[in-house]
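First the structure, which I've put down as C-alpha coordinates, then a few questions once you've had a look.
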Amino acid sequence: MPPVPLVLLVLAALGAAVALVIAPIYLDLFRRELSRADELRQIALARGLRFSRMDPAYPGSTVFRYPFELFSRGVEQTCENFITGMIDGVDVVAFDFLYRLQLDSDDPADSNERSEPIRFSCAVARVEGHRPHVVIEPRSAALDVRADGEPVRLEWGDFNARYRVISPDRGFAAALLDLALMAWLVDEAPRLPLTWEIQRDQLLCRAPSLAPQEVAELVAGLPEFARRVARAASD
(Lines give C-alpha, C1' and ligand atoms only; values in the text may rest on other atoms or scores of the structure.)
Protein backbone atom coordinates (compact mmCIF):
# COMPACT_ATOMS: atom_id res chain seq x y z
CA MET A 1 0.00 0.00 0.00
CA PRO A 2 1.59 3.32 -1.04
CA PRO A 3 2.26 5.88 1.70
CA VAL A 4 -0.38 8.58 2.17
CA PRO A 5 0.86 11.90 0.79
CA LEU A 6 1.74 14.43 3.45
CA VAL A 7 -0.64 16.99 2.02
CA LEU A 8 -3.58 14.62 2.54
CA LEU A 9 -2.57 14.04 6.14
CA VAL A 10 -2.39 17.79 6.70
CA LEU A 11 -5.81 18.33 5.10
CA ALA A 12 -7.31 15.55 7.20
CA ALA A 13 -5.84 17.06 10.34
CA LEU A 14 -7.19 20.51 9.45
CA GLY A 15 -10.63 19.06 8.72
CA ALA A 16 -10.69 17.31 12.07
CA ALA A 17 -9.63 20.51 13.85
CA VAL A 18 -12.35 22.54 12.12
CA ALA A 19 -14.94 19.89 13.00
CA LEU A 20 -13.90 20.02 16.65
CA VAL A 21 -14.46 23.79 16.67
CA ILE A 22 -17.61 24.02 14.53
CA ALA A 23 -19.52 20.99 15.78
CA PRO A 24 -19.90 22.19 19.39
CA ILE A 25 -21.05 25.63 18.19
CA TYR A 26 -23.64 24.07 15.87
CA LEU A 27 -24.87 21.69 18.58
CA ASP A 28 -25.12 24.55 21.05
CA LEU A 29 -27.25 26.60 18.62
CA PHE A 30 -29.40 23.55 17.90
CA ARG A 31 -29.94 22.86 21.60
CA ARG A 32 -30.80 26.50 22.25
CA GLU A 33 -33.44 26.47 19.50
CA LEU A 34 -34.91 23.25 20.86
CA SER A 35 -34.90 24.76 24.33
CA ARG A 36 -36.67 27.90 23.07
CA ALA A 37 -39.41 25.85 21.40
CA ASP A 38 -39.79 23.68 24.51
CA GLU A 39 -40.02 26.72 26.79
CA LEU A 40 -42.60 28.40 24.56
CA ARG A 41 -44.61 25.19 24.44
CA GLN A 42 -44.68 25.05 28.24
CA ILE A 43 -45.71 28.70 28.42
CA ALA A 44 -48.58 28.07 25.98
CA LEU A 45 -49.83 24.92 27.71
CA ALA A 46 -49.68 26.52 31.16
CA ARG A 47 -52.08 29.20 29.90
CA GLY A 48 -54.43 26.83 28.13
CA LEU A 49 -53.19 27.89 24.69
CA ARG A 50 -52.06 25.85 21.69
CA PHE A 51 -48.50 25.54 20.43
CA SER A 52 -47.16 24.66 17.00
CA ARG A 53 -43.46 24.53 16.18
CA MET A 54 -44.01 25.43 12.51
CA ASP A 55 -46.49 27.56 10.57
CA PRO A 56 -49.78 25.61 10.75
CA ALA A 57 -50.63 26.34 7.11
CA TYR A 58 -47.45 26.75 5.08
CA PRO A 59 -44.00 28.15 5.98
CA GLY A 60 -44.22 31.93 6.09
CA SER A 61 -47.85 32.07 4.92
CA THR A 62 -49.26 33.50 8.15
CA VAL A 63 -47.73 36.92 7.57
CA PHE A 64 -49.60 37.39 4.29
CA ARG A 65 -52.81 37.76 6.31
CA TYR A 66 -51.65 40.91 8.05
CA PRO A 67 -51.18 44.44 6.61
CA PHE A 68 -47.98 45.34 8.47
CA GLU A 69 -44.80 46.57 6.82
CA LEU A 70 -42.59 44.37 9.03
CA PHE A 71 -43.85 41.25 7.27
CA SER A 72 -42.70 42.47 3.85
CA ARG A 73 -39.08 43.01 4.88
CA GLY A 74 -36.22 41.07 3.37
CA VAL A 75 -36.42 37.68 1.74
CA GLU A 76 -36.97 34.11 2.92
CA GLN A 77 -39.58 35.05 5.53
CA THR A 78 -40.30 32.30 8.04
CA CYS A 79 -42.75 31.97 10.93
CA GLU A 80 -42.29 29.48 13.76
CA ASN A 81 -43.09 28.76 17.41
CA PHE A 82 -46.79 29.63 17.24
CA ILE A 83 -48.86 30.27 20.36
CA THR A 84 -52.56 30.60 19.58
CA GLY A 85 -55.81 30.83 21.50
CA MET A 86 -58.30 33.04 23.29
CA ILE A 87 -57.14 35.25 26.17
CA ASP A 88 -59.86 37.13 28.06
CA GLY A 89 -62.08 37.13 24.99
CA VAL A 90 -59.35 38.23 22.56
CA ASP A 91 -58.08 35.80 19.91
CA VAL A 92 -54.27 36.05 19.92
CA VAL A 93 -51.66 34.62 17.53
CA ALA A 94 -48.03 34.93 18.65
CA PHE A 95 -44.98 33.69 16.75
CA ASP A 96 -41.34 34.19 15.91
CA PHE A 97 -40.88 35.97 12.58
CA LEU A 98 -37.55 35.60 10.79
CA TYR A 99 -36.29 37.10 7.56
CA ARG A 100 -32.98 37.54 5.77
CA LEU A 101 -31.57 40.45 3.80
CA GLN A 102 -30.22 39.98 0.32
CA LEU A 103 -26.63 41.18 0.42
CA ASP A 104 -25.25 43.36 -2.35
CA SER A 105 -22.28 41.95 -4.17
CA ASP A 106 -20.26 42.92 -7.23
CA ASP A 107 -19.53 39.25 -7.87
CA PRO A 108 -22.36 37.54 -9.83
CA ALA A 109 -21.44 34.28 -8.13
CA ASP A 110 -22.50 35.84 -4.79
CA SER A 111 -25.76 37.38 -6.05
CA ASN A 112 -27.82 35.03 -3.86
CA GLU A 113 -25.86 35.71 -0.70
CA ARG A 114 -28.10 36.25 2.34
CA SER A 115 -27.64 37.78 5.77
CA GLU A 116 -28.03 35.89 9.02
CA PRO A 117 -31.71 35.58 10.07
CA ILE A 118 -33.21 38.70 11.69
CA ARG A 119 -35.73 37.59 14.32
CA PHE A 120 -38.75 39.37 15.78
CA SER A 121 -41.20 38.23 18.43
CA CYS A 122 -44.75 39.12 17.32
CA ALA A 123 -48.32 38.89 18.54
CA VAL A 124 -51.38 39.90 16.53
CA ALA A 125 -55.06 40.33 17.35
CA ARG A 126 -58.14 41.70 15.65
CA VAL A 127 -60.52 44.43 16.82
CA GLU A 128 -63.75 45.62 15.26
CA GLY A 129 -63.59 48.68 13.05
CA HIS A 130 -61.28 50.14 10.42
CA ARG A 131 -58.52 52.42 11.69
CA PRO A 132 -55.75 54.49 10.13
CA HIS A 133 -52.19 53.31 10.59
CA VAL A 134 -50.70 54.20 14.00
CA VAL A 135 -47.28 53.14 15.31
CA ILE A 136 -46.42 53.51 19.01
CA GLU A 137 -42.74 52.69 19.44
CA PRO A 138 -40.08 53.18 22.12
CA ARG A 139 -38.65 56.68 22.05
CA SER A 140 -35.17 55.14 21.91
CA ALA A 141 -35.93 53.26 18.68
CA ALA A 142 -34.36 54.50 15.46
CA LEU A 143 -36.87 56.55 13.48
CA ASP A 144 -38.00 54.04 10.89
CA VAL A 145 -38.20 55.65 7.46
CA ARG A 146 -40.63 52.92 6.40
CA ALA A 147 -43.31 54.06 8.84
CA ASP A 148 -45.83 56.21 6.98
CA GLY A 149 -46.78 59.54 8.48
CA GLU A 150 -45.06 61.96 10.85
CA PRO A 151 -44.38 61.89 14.60
CA VAL A 152 -47.38 63.02 16.64
CA ARG A 153 -46.55 64.84 19.87
CA LEU A 154 -49.11 64.37 22.62
CA GLU A 155 -49.84 66.44 25.69
CA TRP A 156 -48.33 64.20 28.40
CA GLY A 157 -44.60 64.68 28.87
CA ASP A 158 -43.99 61.31 30.59
CA PHE A 159 -45.58 59.52 27.66
CA ASN A 160 -43.61 61.52 25.09
CA ALA A 161 -40.39 60.75 26.97
CA ARG A 162 -41.03 57.02 26.64
CA TYR A 163 -42.84 56.63 23.32
CA ARG A 164 -42.90 58.02 19.79
CA VAL A 165 -46.24 57.99 17.92
CA ILE A 166 -46.28 58.03 14.11
CA SER A 167 -49.40 58.19 11.95
CA PRO A 168 -50.59 59.73 8.66
CA ASP A 169 -53.78 60.75 10.55
CA ARG A 170 -52.58 62.96 13.39
CA GLY A 171 -56.12 63.72 14.57
CA PHE A 172 -57.05 60.06 14.90
CA ALA A 173 -53.80 59.20 16.68
CA ALA A 174 -54.32 61.98 19.22
CA ALA A 175 -57.93 60.90 19.82
CA LEU A 176 -57.02 57.23 20.09
CA LEU A 177 -54.28 57.83 22.65
CA ASP A 178 -56.51 59.22 25.36
CA LEU A 179 -55.28 59.59 28.92
CA ALA A 180 -56.39 56.08 29.91
CA LEU A 181 -54.50 54.38 27.07
CA MET A 182 -51.40 56.51 27.60
CA ALA A 183 -51.47 55.77 31.34
CA TRP A 184 -51.66 52.04 30.66
CA LEU A 185 -48.74 52.19 28.26
CA VAL A 186 -46.64 54.16 30.76
CA ASP A 187 -47.59 52.40 34.00
CA GLU A 188 -48.93 48.92 33.25
CA ALA A 189 -47.74 47.68 29.84
CA PRO A 190 -44.89 45.12 29.87
CA ARG A 191 -41.53 46.73 30.59
CA LEU A 192 -40.09 45.56 27.28
CA PRO A 193 -38.96 47.42 24.11
CA LEU A 194 -42.31 46.78 22.43
CA THR A 195 -43.73 48.51 19.36
CA TRP A 196 -47.52 48.63 19.22
CA GLU A 197 -49.04 48.99 15.77
CA ILE A 198 -52.59 49.49 14.53
CA GLN A 199 -53.67 49.02 10.90
CA ARG A 200 -57.29 48.64 9.74
CA ASP A 201 -58.83 46.08 12.13
CA GLN A 202 -55.52 44.47 13.12
CA LEU A 203 -53.18 45.03 16.05
CA LEU A 204 -49.52 44.04 16.19
CA CYS A 205 -47.18 43.97 19.16
CA ARG A 206 -43.56 43.29 18.21
CA ALA A 207 -39.98 43.51 19.40
CA PRO A 208 -36.60 42.22 18.32
CA SER A 209 -36.27 38.62 19.49
CA LEU A 210 -37.49 38.21 23.06
CA ALA A 211 -36.62 35.49 25.56
CA PRO A 212 -39.44 32.95 26.13
CA GLN A 213 -40.53 34.48 29.45
CA GLU A 214 -40.66 37.89 27.78
CA VAL A 215 -42.81 36.40 25.01
CA ALA A 216 -45.23 35.38 27.76
CA GLU A 217 -45.46 39.06 28.81
CA LEU A 218 -46.03 40.12 25.20
CA VAL A 219 -48.83 37.55 24.81
CA ALA A 220 -50.48 38.70 28.03
CA GLY A 221 -50.15 42.39 27.16
CA LEU A 222 -51.75 42.36 23.71
CA PRO A 223 -55.33 41.55 24.87
CA GLU A 224 -55.13 44.41 27.38
CA PHE A 225 -53.99 46.75 24.61
CA ALA A 226 -56.74 45.47 22.28
CA ARG A 227 -59.49 46.19 24.81
CA ARG A 228 -58.20 49.69 25.46
CA VAL A 229 -57.88 50.45 21.74
CA ALA A 230 -61.46 49.27 21.13
CA ARG A 231 -62.73 51.35 24.06
CA ALA A 232 -60.80 54.50 23.09
CA ALA A 233 -61.84 54.26 19.43
CA SER A 234 -65.53 53.89 20.34
CA ASP A 235 -65.65 56.84 22.81
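Select from the range 110-131 the residues that are assigned to a loop (DSSP other than H, G, I, E, B) and of a type outside the set (G, A, S) and write down the one among them that is most open to solvent (accessible area, probe 1.4 Å).
Residues of the range 110-131 that are assigned to a loop (DSSP other than H, G, I, E, B), as a first pass: 111-113, 115-117.
From the residues that got through so far, the ones that are of a type outside the set (G, A, S) too are 112-113, 116-117.
Working: N112: 114, E113: 84, E116: 142, P117: 60 Å².
Among them, the one singled out is E116.
Which residues, counting only those in the range 186-215, are without any contact (Cβ under 8 Å) to a residue 60 or more places away in the chain, closer than 30 Å to D38 by Cα and in contact with a Lys or Arg (Cβ under 9 Å, 6 or more places away or on another chain)? Step through it out loud before you land on a result.
Step one: of the range 186-215, the residues without any contact (Cβ under 8 Å) to a residue 60 or more places away in the chain are 186-194, 211.
Narrowing further to those that are closer than 30 Å to D38 by Cα: 188-194, 211.
L194, A211, listed by residue number.
Give me the pairs: first residue in the range 80-107 and farther than 18 Å from S35 by Cα and modelled with pLDDT under 95, second residue among the acidic types (D, E) and part of a strand (DSSP E or B), beta-carbon distance under 7 Å, and six or more apart or on different chains, which are they?
Taking only residues 6 or more apart or on different chains, the pairs are Y99/E76; R100/E76.
Of the numbered conditions (1) open to solvent by 30 Å² or more (accessible area, probe 1.4 Å); (2) part of a helix (DSSP H, G or I), L218 satisfies every one except a single condition; which is it?
Answer for L218: the failing condition is (1).
Among the residues of the range 132-173, write down those that are within 15 Å of W196 (Cα to Cα) and in a helix (DSSP H, G or I).
Those that are within 15 Å of W196 (Cα to Cα) and in a helix (DSSP H, G or I): F159, N160, R162, A173.
The values are calculated or read from the model by the stated rules, or taken from the named source; none is laboratory data. The structure presented is a predicted model; accordingly, all values stated were derived computationally and were not measured. Reconstructed Cβ throughout: ideal geometry from the backbone, glycine too, with neighbour counts over all protein chains shown. Keep in mind that these areas ignore ligands, DNA and RNA; they rest on the heavy atoms of the full protein, side chains included. Shrake-Rupley method; radii C 1.70, N 1.55, O 1.52, S 1.80 Å.
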